[in-house]
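Just below is one structure, and these are the notes that go with it.
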Amino acid sequence: MNSKHAIVLTGAGTSTESGIPDFRGPEGIWTTNKEAEAKAYERYDLFLRDPKSYWEEVLGLKGTHGAFYNEVKQAKPNPGHYALSELEWWGLLKCVITQNIDGLHLKAGSRNVIEYHGSVYKLRCPSCGSRCKFERISLEKLPPYCRCGGAMKYDVVHFKEQIPFDVMEMAEKEALECDLMLICGTSAVVYPFASLPRAAKLGYESKAKIIEINAEPTPLTYEGVSDYFIQGKTGEVLPQLVEMLKK
Ligand code: APR
């Protein structure tokens, strides 16, 4: 692989083989539960309006959403995650940019991971941008407050919430500098994340080559943004890719 700067973009499809459902696939959460999707679109407004009720919801003290975060925290990496961390250890992969909030890339040993939609293992203060580990904050009194005085929320980025500037900047820089981009397990319909492959095609040095691995074609496939499309499960295809590179 004569790439000098390869990166990978991942979505919920890379974690379905770890038992976490995706959102828009045939068994996806939004596909099978329209009410949950409608609630997800209200969550950030709820935080802005009433952070205490927001916390009661995300902790599962009210409603069912808290259970999803707990389920996510129980999950284990699958062979697809381990294959990507192995490519990074070989120095063939520079960075993972993920939409997943499950922390499974880090659990699998990947190090340079940009969590574009945040993490269930962290809290963030939208006022000053600071983040901290979940277990470092007492949740006896809700909402938890930041040292700056702002109410803290889950680090997870909800619909209608801006992507934190630091994360967006790092991801764009990687997309513009890469010469090879793997895209794994995403429907590529959520922006601004879905703009990263298009940015890679406008890259500083060279127009990056894009390899897409997904269970079904996406707008990136149909619009010819990806140069190669491999239809399959990431937990099967990525380990095969590693085996091929070992030969
Ligand atoms: N291997 C490959 N592809 C898979 C697998 C698998 N094992 N399982 C599912 N897929 C595919 C699905 O067919 C679908 O095309 O992965 C894609 C997952 O797409 P989405 O469910 O839309 O997930 P994602 O693209 O990550 O969603 C983006 O939307 O709901 C928000 O914030 C949430 O980060 C999420 C964002």
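The values are calculated or read from the model by the stated rules, or taken from the named source; none is laboratory data. Small disclaimer: the values here were computed from a predicted structure and weren't measured. Note that each Cβ is placed from the backbone with ideal geometry, even for glycine, and that neighbours are counted across all protein chains shown. All accessible areas refer to the heavy atoms of the entire protein, side chains included, with ligands and DNA or RNA removed. Shrake-Rupley method; radii C 1.70, N 1.55, O 1.52, S 1.80 Å.
Sorting LEU84, LEU48 on solvent-accessible area from highest to lowest, probe radius 1.4 Å, gives LEU48, LEU84.
When nucleic acids and ligands are ignored and a 1.4 Å probe is applied, CYS128 ends up with an accessible area of around 70 Å². For the chain, the carbon plus sulfur part of the accessible surface works out to 55%, probe radius 1.4 Å. Surface exposure of region 16-131, expressed per residue as accessible area with a 1.4 Å probe, stands at 47 Å². Our estimate of slack between ILE137 and SER3, defined as 0.36 nm per intervening residue step minus the Cα-Cα distance, is 44.0 nm. Compared with the dominant principal axis of the Cα atoms in the chain, helix 234-246 is inclined by about 40°. A probe of 1.4 angstrom, applied to the heavy atoms of all protein chains, finds MET170 with accessible area near 90 square angstrom. Please give every one of the lysines within straight-line cross-link reach of LYS107, meaning a C-alpha to C-alpha distance under 25 Å, and leave out same-chain neighbours fewer than 8 residues apart. Of all the lysines, those that pass the test against LYS107 - Cα under 25 Å, at least 8 places apart if same chain - are LYS73, LYS76, LYS94, LYS122, LYS133, LYS153, LYS173, LYS233, LYS246.
Counting heavy atoms of the protein chains alone, HIS117 has an accessible area of about 30 Å² for a 1.4 Å probe.
For the chain, take the longest principal axis of its alpha carbons; what is the angle in degrees between that and the long axis of helix 79-89, to the nearest 10 within 0 to 90? Computed tilt is about 70 degrees.
In region 23-161, what percentage of the DSSP-assigned beta bridges are antiparallel, given to the nearest 5? Present the calculation step by step, with values, prior to reporting the outcome.
Working: 6 of 9 bridges.
So the antiparallel bridges in region 23-161 amount to around 65 percent.
Helix 65-74 axis versus longest C-alpha principal axis of the chain: approximately 50°, rounded to the nearest ten. A simple spin-label model places the labels of ALA215 and VAL190 1.6 nm from each other, with each point 7 Å out along Cα-to-Cβ.
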